[in-house]
Each structure stands twice: as C-alpha cells, then as structure tokens.
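Undergrad: Could you have a look at this structure, given as structure tokens, before my questions?
The values are calculated or read from the model by the stated rules, or taken from the named source; none is laboratory data. Here the structure is a predicted model, which means the values were calculated and not measured. Heads up, the Cβs are rebuilt from the backbone with ideal geometry, glycines too, and the neighbour counts pull from every protein chain shown.
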Ligand SMILES: [Zn+2]
C-alpha cells in the first residue's frame, strides 16, 4: 500500500473482466447492478484511464491506485456488490508506478504519493528527477483524480492495496520498525499473517477492528510523514480512511476483511460530521 512493497506478479485482467461484465463499445457495462464507466485523465502528455464501477447503496468510496494489485480490485468489486458505492480504479499498464511523458522527457511517479505537493516532489525526485514542470503536471493530475473521487460526498474512503510476502506489513509500524513514528497504535494478533492488515485514520475504527481480532495500524495524523499518500491527504481532511491491505493472491482473506469491515461500518454509524 503506502511504501515499498515490491512489485507483485502482474495478474491478467481476465478475472476482473469476468466479474465486472463484458465491456461495451461505449465504455459502459452493466452487471449485477454495477454500472462501469471509463474516463481518461492526462498526466503530462500521457493518457491514464480511470475505471469507475458504481452500484446504488452505501456512500462508500473504494480506491485502487496501484495497477499491479489486482487481488484487491477483485475483492473490492465483491464488497461493492454487497454494500453499494463507487470503486475507482486507475489503469496504467499493469505496473505499480505511472510513467508519463512531458516536453519530450519521461517521468515516473508512485500514484499513491501525489496527493500533496511535498509528496509529488519526493516521488518525482525518487523515481525520476526533480522538475518544477513535472511537479505541476502531477499536481494537476492529482486534482483531477480527486475531482473524480469526490471524497466529500463519501462516508468513508476504503483503499484497496496488496503487498508481497514479508516486505511491507503491519510489522513495519511496530516499535522500532521503519515506519513506527507514523503510527499512533498498532495491533497484531498472535499467530496471524501481518501482511493482511487494516491501516486507519480514526481511533474508533482502530478499536473496533482490534476488538474483532484484525491486525490494524492507526495512523498518527499529526506526526505522519508527508509522503503524499491518500491516507495523509484524508488524515488532514479529517476523512474516515481505511486501507484494506492483503498479501497478493490473498483474495479470500481480503474479501473476508472487507465483509467484516462493511458490517463494522454499519455498527459504528457515520463518521463525525466534517
Ligand atoms: Zn498499493
């Protein structure tokens, strides 16, 4: 999700097509009450597709940013069928990062590092090179993507991510670990797989997930490093953000986590007004 999990095996889009229905020539499809539309955003001179799946029901916003994390999209579509809401998926060639061209040059960014100016600057410097022009292009793209998300109309942002075995996990936030200072609290259940965990921005959500025995990390919204990720953006806005992170291929586990989360959100009721 947020950091340097390795690029996972790229799964073909067969499974996704199988569950989301045949795409029609118009770019819209209809399956089990899910309406799918496609939009194209520009990043520099490069087109990036955004696929939006919608179903009447709850005002949940499901977000997939990394195009190589297909297990999470499959699990997310199953959850969308249960709860309703919107699932917004970035399509950019099946890779974790997004590459684009600008004024004859190639740049690469991590799409989950673009939601703050500082994050955009850092991801360009890390994956390409610093460039004020490219920063502006990334910033414009992030604003366009946020206008597709319309987070202010959602009651919760549910981020969908996958990681690879034994790299980035809930353990990355434990005392003394690499991201410990970003977390206000961490719960890892004895005997569980720490690759499968929730990452949240609100204490009541953390407590509810811990009570149910799920691995969960609470972001420290005041001290978290500004890396431009969606969790940082939502933390600043005071938006209820919940990342459902599972190991690549843990489709059943991720679906079960999402099912438990949907029940829990009903029990918790709406986030405090913002
Ligand atoms: Zn991810």
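Undergrad: Filter the stretch 91-103 down to residues that are surrounded by fewer than 16 Cβ atoms within 10 Å (Cβ to Cβ) and within 14 Å of the ligand (Cβ to nearest atom) and give me whichever is nearest to residue 73 (Cα to Cα).
TA: Per the criteria, the residue is 94.
Undergrad: What number of residues within the stretch 40-69 satisfy the criterion of being away from the ligand (no atom under 16 Å from the Cβ), part of a loop (DSSP other than H, G, I, E, B), within 20 Å of residue 85 (Cα to Cα) and touching a helix residue (DSSP H, G or I) at 6+ places or on another chain (Cβ under 9 Å)?
TA: 3
Undergrad: Restricting to the stretch 70-91, name every residue that is within 17 Å of residue 159 (Cβ to Cβ), in contact with a helix residue (DSSP H, G or I) (Cβ under 8 Å, 6 or more places away or on another chain) and outside any strand (DSSP E or B).
TA: Passing the criteria: 70, 71, 72, 73, 74, 75, 76, 77, 78, 79, 83.
Undergrad: State all residues of the stretch 150-173 that are at pLDDT below 95 and closer than 17 Å to residue 66 by Cβ; if no residue qualifies, say none.
TA: Listed by number, the residues that qualify are 163, 164, 165, 167, 168.
Undergrad: Additional query: How many residues does the stretch 141-193 hold that are over 19 Å from the mean Cα position of the chain (by Cα), part of a helix (DSSP H, G or I) and in contact (Cβ under 8 Å) with a residue 24 or more places away in the chain?
TA: Within the stretch 141-193, residues that are over 19 Å from the mean Cα position of the chain (by Cα), part of a helix (DSSP H, G or I) and in contact (Cβ under 8 Å) with a residue 24 or more places away in the chain number 1.
Undergrad: Is it the case that residue 94 is assigned to a loop (DSSP other than H, G, I, E, B), at pLDDT below 95 and on the phi > 0 side of the Ramachandran plot? Can you show your working first?
TA: Details: assigned to a loop (DSSP other than H, G, I, E, B): yes; at pLDDT below 95: no; on the phi > 0 side of the Ramachandran plot: yes.
Answer is no for this residue.
Undergrad: Sticking with this one: Could you check how many residues of the stretch 128-139 are exposed (fewer than 15 other Cβ atoms within 10 Å of the Cβ) and assigned to a helix (DSSP H, G or I)?
TA: So the first thing to find is which residues in the stretch 128-139 are exposed (fewer than 15 other Cβ atoms within 10 Å of the Cβ), and the list is 129-130, 132-133, 136.
Next, from what is left, pick out any that are assigned to a helix (DSSP H, G or I): 132-133, 136.
Total meeting the criteria: 3.
Undergrad: Output the number of residues of the stretch 122-135 satisfying the condition of being touching a residue at least 24 places away in the same chain (Cβ under 8 Å) and more than 14 Å from the ligand (Cβ to nearest atom).
TA: Narrowing the stretch 122-135 to residues touching a residue at least 24 places away in the same chain (Cβ under 8 Å): 122-123, 127, 131, 133-134.
Right, trim to more than 14 Å from the ligand (Cβ to nearest atom) and you get 122, 127, 131, 133-134.
Summing the residues that are touching a residue at least 24 places away in the same chain (Cβ under 8 Å) and more than 14 Å from the ligand (Cβ to nearest atom) in the stretch 122-135 gives 5.
Undergrad: Give the number of residues within the stretch 241-266 that are over 17 Å from residue 87 (Cβ atoms) and in contact with a strand residue (DSSP E or B) (Cβ under 7 Å, 6 or more places away or on another chain). Reasoning before the result, please.
TA: Looking only at the stretch 241-266, we keep the residues that are over 17 Å from residue 87 (Cβ atoms), and these are 247-250, 252-253, 256, 260, 263-264, 266.
Restricting the remaining residues to those that are in contact with a strand residue (DSSP E or B) (Cβ under 7 Å, 6 or more places away or on another chain) gives 247-248, 253.
Total satisfying the criteria: 3.
Undergrad: Within the stretch 174-189, does at least one residue satisfy the condition of being surrounded by 21 or more Cβ atoms within 10 Å (Cβ to Cβ), under 21 Å from residue 83 (Cβ atoms) and modelled with pLDDT of 95 or more?
TA: No, there is no match, as no residue in the stretch 174-189 is surrounded by 21 or more Cβ atoms within 10 Å (Cβ to Cβ), under 21 Å from residue 83 (Cβ atoms) and modelled with pLDDT of 95 or more.
Undergrad: On to the next question. Among 83, 72, which is buried (at least 18 other Cβ atoms within 10 Å of the Cβ), within 11 Å of the ligand (Cβ to nearest atom) and on the phi < 0 side of the Ramachandran plot?
TA: 72
Undergrad: Further question: Just wondering, is there one or more residues in the stretch 147-156 that are more than 16 Å from the ligand (Cβ to nearest atom), over 24 Å from residue 47 (Cα atoms) and surrounded by 17 or more Cβ atoms within 10 Å (Cβ to Cβ)?
TA: Within the stretch 147-156 (the criterion being more than 16 Å from the ligand (Cβ to nearest atom), over 24 Å from residue 47 (Cα atoms) and surrounded by 17 or more Cβ atoms within 10 Å (Cβ to Cβ)), the answer is yes, since at least one residue qualifies.
Undergrad: Also, quick follow-up: Only one residue in 125, 106, 120 is crowded, with 17+ Cβ neighbours inside 10 Å and either outside any loop (DSSP other than H, G, I, E, B) or at pLDDT 95 or above (or both), so which one is that? Let's see the steps before the verdict.
TA: Working: 125 fails: crowded, with 17+ Cβ neighbours inside 10 Å; 106 fails: crowded, with 17+ Cβ neighbours inside 10 Å.
Criteria check complete, one pass: 120.
Undergrad: Name every residue in the stretch 194-230 that is under 11 Å from residue 116 (Cβ atoms) and in a helix (DSSP H, G or I), in order of residue number.
TA: Matches in the stretch 194-230: 230 only.
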